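Structure, as structure tokens:
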Number of protein chains: 2
Amino acid sequence: MAAPVAAEGVILVGQKPVANYVLAAVTQFTLGSKKVILKARGRAISKAVDAAEVIKRFMGEKVAISNVSISSEKVGEPGKERLVSAIEITLERKE
Amino acid sequence: MAAPVAAEGVILVGQKPVANYVLAAVTQFTLGSKKVILKARGRAISKAVDAAEVIKRFMGEKVAISNVSISSEKVGEPGKERLVSAIEITLERKE
């Protein structure tokens, strides 16, 4: 697998090259998924946006970005928690 | 001014520390703006998300993120253009 798939249709964008996440998403759409969600935190947020834009161009008319949301998530051990920014980008196959 | 303001209510997030963009946005809301848009490209995208999350926490109930959109923009000289990812985060004062 090119990139970790956390839950059905969810791809966690991290340290790997953008192409890995693009391939993971395109594979999921090719295998019949209607929806793929890219999630990223911190500095990987820019990479998730890059991946979404590449997927959109690659899939042409077939896939659109249906939602983008941002949030803060608590990370770290208890007592040493800190907030990191996060993004969720939802890509959906058009019928 | 802490950060460049391109058009009314638009803050371009770039190389400066997150706090500069937070201050610029909070200043605009304090001066009466109903809406502030953070724009960023490339690696500054993560910083724009950080700034938006800090502004939201700082302004408490008074400001919400009303829209997040991503796109690709052409940059560079004619003949040497390349696509970079971009984000627009809209923060709005609640009535």
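The values are calculated or read from the model by the stated rules, or taken from the named source; none is laboratory data. Just so it is clear, the model here is predicted, and its values are computed rather than measured. Using ideal geometry, Cβ is built from the backbone for each residue, glycine included, and neighbour counts are taken over all protein chains shown. The area values use the complete protein model at the heavy-atom level, side chains included, leaving out ligands, DNA and RNA. Shrake-Rupley method; radii C 1.70, N 1.55, O 1.52, S 1.80 Å.
Computed over chain A, the per-residue total of -39500 (n - 2.57) for DSSP H runs of n ≥ 4 gives a 222 nm mean residue ellipticity of -10000 deg cm²/dmol, rounded to 500.
Position A:PRO17: other-copy label points at 3.6 nm, ordered by increasing distance, label point 7 Å along Cα→C-beta.
How much accessible area per residue does chain A have, in Å², with a 1.4 Å probe? Working shown, then result.
Values: 5350 Å² over 95 residues.
Using a 1.4 Å probe on heavy atoms only, each residue of chain A averages 56 Å².
Other protein chain C-beta atoms within 10 Å of residue C-beta, averaged over A:61-72: 3. On a 22 Å Cα-Cα criterion, which of the cross-link pairs A:LYS34/B:LYS56; B:LYS56/B:LYS94; A:LYS56/A:LYS94; A:LYS47/A:LYS94; A:LYS47/B:LYS47; A:LYS74/B:LYS56 come out too long? The pairs that break the limit, which is 22 Å between Cα atoms, are A:LYS34/B:LYS56; A:LYS47/A:LYS94.
Put simply, when B:26-37, B:52-63 are sorted by average Cβ atoms within 10 angstrom per residue, most first, you get B:52-63, B:26-37. Distances between every pair of Cα atoms in the protein assembly as shown, grouped in 10 Å steps from 0 to the bin holding the largest one, split as 9, 34, 33, 19, 4, 0 percent. Take A:ARG82, push a point 7 Å out from Cα through the beta-carbon direction, and compare it with the same point in every other copy: 3.0 nm, smallest first.
At an R0 of 35 angstrom, the distance between the Cβ atoms of B:SER69 and A:GLU77 translates into a FRET efficiency of 0.50.
Sorted from shortest, what are the nm distances separating the label point of A:GLY60 from equivalent points in the other copies, each placed 7 Å from Cα along Cα to C-beta? Output for A:GLY60: 5.4 nm, nearest copy listed first.
Taking all Cα pairs closer than 8 Å and separated by 6 or more residues, the relative contact order of chain A comes to 29 percent.
If the chain linking A:LYS35 and A:LYS16 were pulled fully straight, counting 0.36 nm for each residue of separation and taking away their Cα-Cα distance, it would gain 4.7 nm.
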